[in-house]
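What follows is a single structure, written as structure tokens, with notes after it.
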Amino acid sequence: MSWEKELMSRRTALTGESAQTATEALRASMLALSTAELPRLRTLLRKQIRPAPYDLDFDRAPTVRSALLPEAAAQPQIDLEAELLEAISRAVNHLHTHPDGSLTRPAAVIQSVTPLTDRLQLHVNPIAVAPLLYEAMPFEFEEALSGIVGLRARPLRRSTELFLVDAPYARVELVGVGRADWRAAQAYRSVRNDEAETGRFLAETTPNELSPTERQYLNSYCRAFGPVRIASGLLRRIAVFGKALWIRTWSTGCTHFNIDWPGEIPYRPHISQLLADPLFGIPGAEIGAAPDLKFRNATATCGHGDLCTTHHLRFRSSGPAPKTAETDLSRAFKAAARPEWDAWHRELARH
Ligand SMILES: [Zn+2]
């Protein structure tokens, strides 16, 4: 395999991009590397052919790494991505209530991701657009906020951009999501929120500024909790879980991030190796109590200082993969969710 192809296949295993998209992105970012760095990259790559042991030239690593698979740099961007991963995790529950959904079928919210230094592009599973927007966009009901604080949306030509209204450079592009998808998602939300008629959908009521409740919230708390760099790094490599039936993520305290999926596929030690890859993995990852990953010298954003400078990524299992598609409980949930899926479908069919 040529070294360019090797790079491409290692990137697409994590991002789920097409070969063409990944090759174009890699070429563009490698042009930005100095001529001295290119031969180094080839040498590094030859050294890094799996299996380990890895032997990385740490001084050179940051620029080469960011050319191969860029990380989010600015804190608001990192926080946005961490919060979005939580919204994705919650959206999975909606997919299980879709008329065609079942516990034995894959429920992927994100199909592929293109990580860029200044933003992130997501290809959302078409069926998951309404659930994702439902979970991500802030909604205010009797002073309680749900969704991502400060998140707003603007339509682009062939996509929808989600951005933080108080930090507009933090943004995520939902590729291929147009106005019709947005309207169908609104129909889904308004039927699902039937009981919350007095609630406020902030993208509509205060599209260009924080609402007073949001401002108050951000004065008292931070937007995203937990080891947010791990969450953002994970979202930028989310397709590594492409073969999982579904995923669920949550953080425990300020130092531990957990991801759970049912059954043995994908194989946890393999995922752990891919995410600890010194060229394409999450920066700073090392295999700790296998298969979990540990990140030493992490930036503590919590104010506990030295107590919180080692972070952990834990691969959990909620048990074996289900064998039966339906239980009484899942049937009941599906019946209850039928009206919002019908509303979504009706709205989409109008266009
Ligand atoms: Zn802490």
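The values are calculated or read from the model by the stated rules, or taken from the named source; none is laboratory data. Source: prediction; values computed, not measured. For neighbour counting, all protein chains shown are included, and Cβ atoms are generated from backbone atoms with ideal geometry for every residue, glycine included.
So residue 253 passes all but one of these: (1) more than 30 Å from residue 25 (Cα to Cα); (2) touching a residue at least 24 places away in the same chain (Cβ under 8 Å); (3) more than 16 Å from the ligand (Cβ to nearest atom). Which condition number does it fail?
(3)
Could you run through the range 113-138 and say how many residues are surrounded by fewer than 20 Cβ atoms within 10 Å (Cβ to Cβ) and touching a Gly at 6+ places or on another chain (Cβ under 9 Å)?
The qualifying residues number 2.
Quick one: residue 127 ticks every box in (1) part of a helix (DSSP H, G or I); (2) under 16 Å from residue 171 (Cβ atoms) except a single one, so which number is it?
(2)
Tally up the residues in the range 278-293 that are closer than 17 Å to residue 259 by Cβ and surrounded by 18 or more Cβ atoms within 10 Å (Cβ to Cβ), please.
Count: 5.
Return the pairs, sorted by first residue and then second, in which the second residue is part of a loop (DSSP other than H, G, I, E, B) and within 12 Å of the ligand (Cβ to nearest atom), the first residue lies in the range 291-315 and is more than 18 Å from residue 224 (Cα to Cα) and among the basic types (Lys, Arg), the beta carbons are less than 8 Å apart, and the residues are 6+ apart or on different chains.
From residues that are more than 18 Å from residue 224 (Cα to Cα) and among the basic types (Lys, Arg), the pairs are 294/310; 296/309; 296/310.
Test residue 213 against the criterion of being among the polar types (S, T, N, Q) and within 16 Å of the ligand (Cβ to nearest atom), and give yes or no.
In short, no.
Can you name every one of the helices (runs of 4 or more DSSP H) wholly within the range 1-119 that holds 1 or more residues which are at pLDDT below 90? If you could, list the steps in order and put the result at the bottom.
On the way: elements: 3-15, 19-31, 37-48, 61-68, 75-95.
Where helices (runs of 4 or more DSSP H) fall fully within the range 1-119 and carry at least 1 residues being at pLDDT below 90, they are 3-15, 19-31, 37-48, 61-68.
Could you go through the range 268-288 and let me know if any residue there is within 16 Å of the ligand (Cβ to nearest atom) and either modelled with pLDDT under 90 or in a helix (DSSP H, G or I) (or both). Write out each step before concluding.
Narrowing the range 268-288 to residues within 16 Å of the ligand (Cβ to nearest atom): none.
For the range 268-288, residues within 16 Å of the ligand (Cβ to nearest atom) and either modelled with pLDDT under 90 or in a helix (DSSP H, G or I) (or both): absent.
Name the pairs: first residue in the range 320-344 and within 13 Å of residue 96 (Cβ to Cβ), second residue among the aromatic types (Phe, Trp, Tyr), Cβ to Cβ under 8 Å, at least 6 apart or on different chains?
Going by the 8 Å Cβ cut-off, the qualifying pairs are 341/188.
So if I check each of 262, 212, 278, 269, which one is more than 30 Å from residue 37 (Cβ to Cβ), in contact (Cβ under 8 Å) with a residue 24 or more places away in the chain and more than 18 Å from the chain's Cα centre (by Cα)?
When all the criteria are applied, what remains is 262.
Looking only at the range 289-327, filter to residues that are more than 16 Å from the ligand (Cβ to nearest atom), part of a loop (DSSP other than H, G, I, E, B) and not small (Gly, Ala, Ser); which one of those is modelled with the highest pLDDT?
Looking at residues that are more than 16 Å from the ligand (Cβ to nearest atom), part of a loop (DSSP other than H, G, I, E, B) and not small (Gly, Ala, Ser), I get 292.
Please state which one of 185, 239, 203 is of a type outside the set (Lys, Arg), under 18 Å from the mean Cα position of the chain (by Cα) and surrounded by 16 or more Cβ atoms within 10 Å (Cβ to Cβ). Spell out how you get there, then give the answer.
On the way: 185 fails: under 18 Å from the mean Cα position of the chain (by Cα); 203 fails: under 18 Å from the mean Cα position of the chain (by Cα).
Going through 185, 239, 203 in turn, the sole match is 239.
Among the listed residues 247, 265, which satisfies the condition of being among the β-branched types (Val, Ile, Thr), away from the ligand (no atom under 16 Å from the Cβ), surrounded by 17 or more Cβ atoms within 10 Å (Cβ to Cβ) and under 23 Å from residue 125 (Cα atoms)?
On the way: 265 fails: surrounded by 17 or more Cβ atoms within 10 Å (Cβ to Cβ).
After ruling out the rest, the residue left standing is 247.
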